[in-house]
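These notes are about the structure you will find just below.
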Amino acid sequence: MAGVTIRELGLTFVRVCMENYWSGCILPVFFLLGILWDIFYHKKKEAVVFLYYAIFLALTVYNPFLVRYIVPKVDFENEYYRFIWILPVIPGVAYYAVRLVSLIEFKTGKVLLAVLLGGVIIITGTPIPGIAQNFAMAENIYKVPNELRSICDVIHEDSKKEEPRVVFGDDMNMVARQYDPSLRLVLERNYRLYRAGSTVVGNYEKKKDYQIQKVIMDVVSYQMTDTDMAKFKASLDKTKTDYLVVQLEQNCHDYLRQAGCVPVAQTEKYVVYRYGE
């Protein structure tokens, strides 16, 4: 988690990560109240799973003493926040809300309480604009841009390889393999983030693989068309790049053609280039 380090925070690291992750959302409080309700008042046998789950996590990955000494040793400090995902807050809150509604005998009362609890959950939760910018409905059931599907079809029709290696732009690199896992991404996720200025994924400046991929990113993502062409082609060769997918509006197309990249298809916003045989 950006800006949160065990070295600076010590035993408060877990608490600060929790506060930053939930960012004012009080659904975890409702979840814990539901567990206390089960313990002291309205016990349900099936609900014990939430209690055991919470206890296990509190003793292990949420234990500040264990985290303080173990997480740095396994180099998981930047990714620690992912442990917060496994706390079943959302299903737990939904379960306890249904339990509350089921206590009401009259149908009208059930409806009113359900509406009230739904409103409380919506108001106290995190609205979509707080977690996603420029939110838009998915274009298809695969939850990826339609153009990506067309691009994948083009690559497979053109390529003789079952798993071609592809350079995608920043906008598609993260979702390409969600739709088509047979494509092999040339540019590694952390390398792209580091090149973009991220300070939480590590320092790769001296890594040979990063320096090779950086040359490709300089041209494709940052339009540095003054990059030495021999060096660029060497990077494509070393990474065994088969295809490059570049936005039509970018200004590196002439450079790519001069480097031996052959355009094989064009969609509304992208050009697909083949490199090599």
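General remarks:
- Only a single item in (1) under 24 Å from residue 121 (Cβ atoms); (2) open to solvent by less than 70 Å² (accessible area, probe 1.4 Å); (3) among the aliphatic types (A, V, I, L, M) is not met by residue 61, and it is number (1).
- Reported count of residues in region 149-196, each being open to solvent by less than 70 Å² (accessible area, probe 1.4 Å), in contact (Cβ under 8 Å) with a residue 60 or more places away in the chain and part of a loop (DSSP other than H, G, I, E, B), is 4.
- Qualifying residues in region 192-219 (those that are among the aliphatic types (A, V, I, L, M) and modelled with pLDDT under 95) - the one nearest to residue 4 (Cα to Cα): 200
- Near pairs, Cβ below 7 angstrom, 6+ apart or cross-chain, from region 59-80 (under 16 Å from residue 11 (Cβ atoms)) to any residue that is open to solvent by less than 50 Å² (accessible area, probe 1.4 Å) and of a type in the set (Asp, Glu): 71/77
- If the condition is being surrounded by 14 or more Cβ atoms within 10 Å (Cβ to Cβ) and either at pLDDT 85 or above or within 16 Å of the chain's Cα centre (by Cα) (or both), then region 77-93 contributes 78, 80, 81, 83, 84, 87, 88, 89, 92, 93.
- Test: residue in region 127-140 that is of a type in the set (D, E, K, R), surrounded by 11 or more Cβ atoms within 10 Å (Cβ to Cβ), at pLDDT below 95 and over 20 Å from residue 243 (Cα atoms): yes
- Taking the criterion of being over 17 Å from residue 154 (Cβ atoms), open to solvent by 20 Å² or more (accessible area, probe 1.4 Å) and outside any helix (DSSP H, G or I), the residues of region 247-275 that qualify are 249, 250, 251, 260.
- Any hit, region 258-272, residues being charged (D, E, K, R) and without any contact (Cβ under 8 Å) to a residue 40 or more places away in the chain: no
- Within region 92-102, the set of residues being in contact (Cβ under 8 Å) with a residue 12 or more places away in the chain, under 15 Å from residue 42 (Cα atoms) and either among the hydrophobic types (A, V, I, L, M, F, W, C) or not in a helix (DSSP H, G or I) (or both) comprises 97, 100, 101.
- Test: residue 240 is among the basic types (Lys, Arg) and either open to solvent by less than 60 Å² (accessible area, probe 1.4 Å) or assigned to a helix (DSSP H, G or I) (or both): no
- Listed conditions (1) within 24 Å of residue 202 (Cβ to Cβ); (2) open to solvent by 50 Å² or more (accessible area, probe 1.4 Å) are all met by residue 110, apart from (1).
- Residue list for region 1-10, restricted to those being surrounded by 12 or more Cβ atoms within 10 Å (Cβ to Cβ) and among the hydrophobic types (A, V, I, L, M, F, W, C): 1, 4, 6, 9
- Looking only at residues in region 148-182 that are polar (S, T, N, Q) and more than 16 Å from residue 241 (Cα to Cα), the one that is farthest from the chain's Cα centre (by Cα) is 150.
- Test: residue in region 18-27 that is among the polar types (S, T, N, Q), surrounded by 14 or more Cβ atoms within 10 Å (Cβ to Cβ) and within 29 Å of residue 117 (Cβ to Cβ): yes
- Among the conditions (1) assigned to a loop (DSSP other than H, G, I, E, B); (2) at negative phi; (3) not hydrophobic (A, V, I, L, M, F, W, C), residue 223 misses just one, which is (2).
- Residue in region 33-46 that is in contact with a Pro (Cβ under 9 Å, 6 or more places away or on another chain), in a helix (DSSP H, G or I) and surrounded by 15 or more Cβ atoms within 10 Å (Cβ to Cβ) present: no
The values are calculated or read from the model by the stated rules, or taken from the named source; none is laboratory data. Since we're looking at a predicted model, the values are computed, not measured. No Cβ is skipped: glycine too gets one built from the backbone with ideal geometry, and neighbour counts run over all protein chains shown. We work out accessible area using only protein heavy atoms, side chains counted, and drop any ligands, DNA or RNA first. Shrake-Rupley method; radii C 1.70, N 1.55, O 1.52, S 1.80 Å.
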